[in-house]
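Working notes for the structure below.
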Amino acid sequence: MRTITLLLVAVLGSSSAWAQTGPQMRTRLLTSLTNTEVEQYLKRNDVIFIPVGTVEPHGGLPIDCEYVGPLAYAIKMAEATDGLVLPGMAYFFPDATIVGRGAVHVTPSEGTPYLMAVARSLLRQGFRRQVYITGHGPSFQTVSPLVRQFYDETHVPIVHLESSAFRRPGPGVASGAAASPTLPVPGFSAFDAMLFGAYVIAGRLEDIPVNLAGSVPEHAANPGVNDLFPLGPQSGTIGFYMSDATDHGGAPRPITSEQRAAIARAGVEMIEQTVRSFDMKGVLEAMREHDKFTQQHILPTYGWIFPR
């Protein structure tokens with residue numbers, strides 16, 4: 001997949017701003033459209049964003065927050081590029097957080113075949129450019145095999161984007177300023193604010209509880225695993241379980257509805273700003289060019305290597 005990788009590297013650093021593209025639609029969610037509206041859309045475009053999430057403990061946030069985060073980015077990306085969004089892909093690999101009973105555990109070897117079936121269907125339906133968006137570190141273990149296997153089977157390139165890529169500062173922006181904006185409520189991080197904002201974009205802010213307090217119980221730490229984390233998300237990969245569910249997101253911190261709204265406003269602004277600075281149109285054009293090269297050059301030249 002070197003061709004698409006090089007093309008993506010070329011566009012990820014772009015900071016060109018863009019607004020909503022294409023005809024106004026009452027929603028970008030595929031499942032909220034009628035079949036007539038889907039048919040009309042496919043006459044002009046072939047782009048669909050698929051947020052892939054997890055359901056797991058995350059402090060005082062709902063357990064699907066690492067699905068809602070990618071969903072919010074997918075909605076904003078779809079609005080900006082005249083794409084659609086396939087919602088509902090929430091139940092995938094949570095990794096080490098299964099010590100919390102809120103975690104729904106689906107292994108990568110179980111999740112990838114399901115995504116393959118969905119991807120095949122989307123291609124048959126007419127969605128040739130599929131963008132899978134994740135926000136959970138271990139999600140690459142499920143989605144990366146999908147991207148490679150789908151290309152080998154169909155010779156159509158699809159893309160996986162980790163949503164942290166959208167939060168990289170653009171040229172001329174200090175990384176600290178982009179990653180740590182001033183928030184209206186002390187003790188909350190920029191990542192927390194982004195997730196609050198995601199619930200606004202998804203129309204679900206009320207799902208974040210107010211006046212809910214918790215504590216972190218005394219529990220043992222695993223120093224060996226902690227020493228491996230600095231090696232990177234794919235280097236030093238090792239199986240483990242967290243010592244307590246609060247190791248992921250901490251304990252719930254009580255906030256008022258006014259504080260929740262203030263944090264969420266900051267988060268929506270963060271998401272919209274990062275989406276404006278990310279050249280998703282360039283990514284989609286790179287996918288089109290890579291697809292064209294595959295069909296016009298690779299397959300006619302090297303078709304003999306593929307099983308009939």
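Tabulated data for the structure shown
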quantity	calculated
Spin-label pair Val216/Asn35, simplified geometry with 7 Å Cα→Cβ offset, distance in nm	5.3
Around Arg28: net Lys/Arg minus Asp/Glu count, Cβ-Cβ under 13 Å	-1
Other-chain or far-sequence residues with amide H under 5 Å of Thr134's (modelled H)	Val52, Leu161, Glu162, Ser163
Solvent-accessible area per residue for the range 48-126 (1.4 angstrom probe, square angstrom)	30
Apportionment of accessible area to carbon and sulfur, the range 62-170, percent (1.4 Å)	54
Local electrostatic count at Cys65 - Lys and Arg +1, Asp and Glu -1, tallied over other residues with Cβ under 12 Å	-4
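The values are calculated or read from the model by the stated rules, or taken from the named source; none is laboratory data. A quick note: this is a predicted structure, and the numbers were derived from the prediction, not measured. In this analysis, Cβ positions are derived from the backbone assuming ideal geometry, glycine residues included, and neighbour counts consider all displayed protein chains. Just so you know, the surface numbers come from the protein's heavy atoms only, side chains and all, with ligands and any DNA or RNA stripped out. Shrake-Rupley method; radii C 1.70, N 1.55, O 1.52, S 1.80 Å.
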